[in-house]
Structures are given as C-alpha cells and as structure tokens.
Amino acid sequence: MQEVKVSVVNIIRPRVELVLTWGSEELIAAMTDVVYRAYAIEDAMRRVREKPELVVRRITSFLRDGHHSVLEFMGASWLIEGSRAFTHEVIRHRVASYWQESQRYVDYTKGQLRYVLPPALASQWSNYLDSASQTYVRAREGFAPEDARYLLPNAMASRIWAR
C-alpha cells in the first residue's frame, strides 16, 4: 500500500486570487461611438482618452437610463480555493460561470491531498483525515477514480475558477 503525506490546511477563510480583468468604463464609453456613430475603435478610444468627461457622462447616462447590460462587457476572473463543502455552496447559486477542480481526473494519490478546516477541527481531526486519505489511496488501487472519489471528505480542498 502506498503511503501518502497528508497536509492539513489551517485556513479560516477560503483563498481568493484575482486572475484576470477585462474591459473598462473607458472601453464601454468608446464603444458608444463605434456602434452608434460608426467610428473606428482606435478613433473612439482616442476620443474618450482626450475627453475623460465623456466616460463619466456616458456611464452615468447608461445607469440612469437602465442600460445596465453594457456593463456585461467588463468582468473579472478569480481562482477560489476552499473546502469541497464551501465550493459546492458557491457554485449552486449560479451568479457566475465556474470550472471546478475535478476529483475524478486529479490523481490525489500523488500527494495532492489538501484539506481546509477551521483551526479547532484541524488539531483534533488530523488522524481522521490521514485515515480517509489512506482509504482513498487504497480505493484508487482497485477502483475507478470516479468511484474512489466518493470516499473523500467534504473538508477536501477544491479549487474553482469563477468568471
């Protein structure tokens, strides 16, 4: 039987990293000239850079008139890591698009078993997590990954990419 080093992660709050942002108020204001006045994008961007008051005026006008959909052209992407229990709570609300770490395709027998627990639980339950990890490793030796993953606890760390 393969021994796996278990690493209990003592995190009170999940980890969140901003990965990417796109769009800007300046771009949205410039696109007004592109889609309503047939400007080339370069000319429209130059115009709003030369007249920053256009950005404020146009964004204020969009919001006042209820044209919130133009703001959908701006966004951000995050990498969030927390317990599997936490990530399932996040993705069930569907306020964004998600791509979650796969417990089927990630081979945790290579020592990537990570857990997220409140500090009080981490100090008292690390033996349980070690046992659960060893059980999972044994199951991976005789069962398909999609079956062995059922033995992983909700404290198992999981990453989701949110957009």
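List of remarks:
- Segment 24-73 - Rg over Rh from alpha carbon coordinates, Kirkwood radius: 0.94
- Under the criterion of Cα pairs below 8 Å and six or more residues apart, the relative contact order for segment 24-73 equals 40 percent.
- This model, with +1 at the C-beta of Lys and Arg and -1 at the C-beta of Asp and Glu, gives the chain a dipole about its Cα centre of some 160 debye.
- Using the Karplus relation 6.51 cos²θ - 1.76 cosθ + 1.60 with θ = phi - 60°, the per-residue 3J(HN,Hα) values for segment 147-163 come to 8, 4, 4, 5, 8, 6, x, 5, 6, 4, 5, 9, 10, 10, 9, 10, 9 Hz, with x marking Gly and Pro.
- Taken along the Cα-to-beta-carbon direction at a fixed 7 Å, the label points for Met74 and Ser131 span 5.3 nm.
- Measuring between their Cα centroids, segment 43-88 and segment 97-163 lie 37 Å from each other.
- Rounded to the nearest 10 degrees, the inclination of helix 119-142 to the longest alpha-carbon principal axis of the chain is 80 degrees.
- DSSP beta bridge pairing in the chain, given as percent antiparallel to the nearest 5: 80
- Annotation: extensible slack from Val35 through Asp147 equals 35.1 nm (criterion: 0.36 nm per residue apart, minus Cα-Cα distance).
- Exposure proxy ranking for Phe86, Phe143, based on other Cβ atoms within 10 angstrom of each Cβ and starting from the fewest, stands as Phe143, Phe86.
- Helical contribution to [θ] at 222 nm, DSSP H n ≥ 4, -39,500 (n - 2.57), averaged over the chain, rounded to 500: -13500 deg cm²/dmol
- Helix 41-50 vs. the chain, principal-axis angle (Cα, 0 to 90°, nearest 10): 80
- q = 0.08, 0.10, 0.16 Å⁻¹: log10 I(q)/I(0) that the Debye formula gives for the chain, counting C-alpha atoms only: -0.43, -0.57, -0.89
- Here is the P(r) of segment 122-163: all C-alpha pair distances, binned every 10 Å from 0, give 26, 45, 24, 5 in whole percents.
Just so you know, all these numbers are worked out from the coordinates, no wet-lab data involved. None of the values given here were measured: they were computed from a predicted structure. Note: ideal-geometry Cβ built from the backbone for every residue, glycine included; neighbour counts use all protein chains shown.
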